[in-house]
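Since the structure comes first, as structure tokens, the remarks are kept for the end.
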Amino acid sequence: MPTYEWDESFAHDLKRLAAVQRAAFEAAVAAFVEDLRAGRGFRKSLRVKRVQGHRDIYELTWAPDGRATWKYGDAQRDGEPHILWRRVGTHKIFDRP
């Protein structure tokens, strides 16, 4: 099972999401985790890619104007990816991904 943590910016962003946004994000995270477990890459609908200008930060799409940024951290369990969630919200998060 992949492990994760988040920073203060992510916690602040998450609290600001409307209930419908949070539900959409949580559904995307479920698919994201399923793909991490399977180890076959991410499904196209999540549109996972690197954030332009940042080598180690990635984004995923959870709604037409819903994005989350994250990066890989040091494994907490052998053989399991560790995700550091950074930001979640609209395209505005790319001001400070």
- [ ] Mind listing whichever residues of the range 71-95 are buried (at least 16 other Cβ atoms within 10 Å of the Cβ) and without any contact (Cβ under 8 Å) to a residue 24 or more places away in the chain?
- [x] Lys71
- [ ] Return the residue satisfying two criteria in turn: it lies in the range 31-40 and is of a type outside the set (Phe, Trp, Tyr), within 14 Å of the chain's Cα centre (by Cα) and open to solvent by less than 60 Å² (accessible area, probe 1.4 Å), and of such residues it is farthest from Pro81 (Cα to Cα).
- [x] Ala31
TODO: Just one of (1) at pLDDT 95 or above; (2) open to solvent by less than 30 Å² (accessible area, probe 1.4 Å) trips up Arg47, so point out which.
DONE: (2)
Open item on the list: Among the listed residues Phe42, Phe25, Phe32, identify the single one that is of a type outside the set (Asp, Glu) and either over 24 Å from Arg96 (Cα atoms) or in a loop (DSSP other than H, G, I, E, B) (or both).
Closed with: Phe42
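Name the residues in the range 5-21 that are in a helix (DSSP H, G or I), over 12 Å from the mean Cα position of the chain (by Cα) and crowded, with 16+ Cβ neighbours inside 10 Å, would you?
Answer for the range 5-21, where residues must be in a helix (DSSP H, G or I), over 12 Å from the mean Cα position of the chain (by Cα) and crowded, with 16+ Cβ neighbours inside 10 Å: Ser9, Asp13, Gln21.
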Open item on the list: Scan the range 54-70 and tell me whether some residue there is part of a helix (DSSP H, G or I), surrounded by fewer than 17 Cβ atoms within 10 Å (Cβ to Cβ) and of a type in the set (D, E, K, R).
Closed with: no
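The values are calculated or read from the model by the stated rules, or taken from the named source; none is laboratory data. These numbers were taken from a predicted model, which means no experiment stands behind them. Using ideal geometry, Cβ is built from the backbone for each residue, glycine included, and neighbour counts are taken over all protein chains shown. Remember, those area values only see protein heavy atoms, side chains included, never the ligands or the DNA or RNA. Shrake-Rupley method; radii C 1.70, N 1.55, O 1.52, S 1.80 Å.
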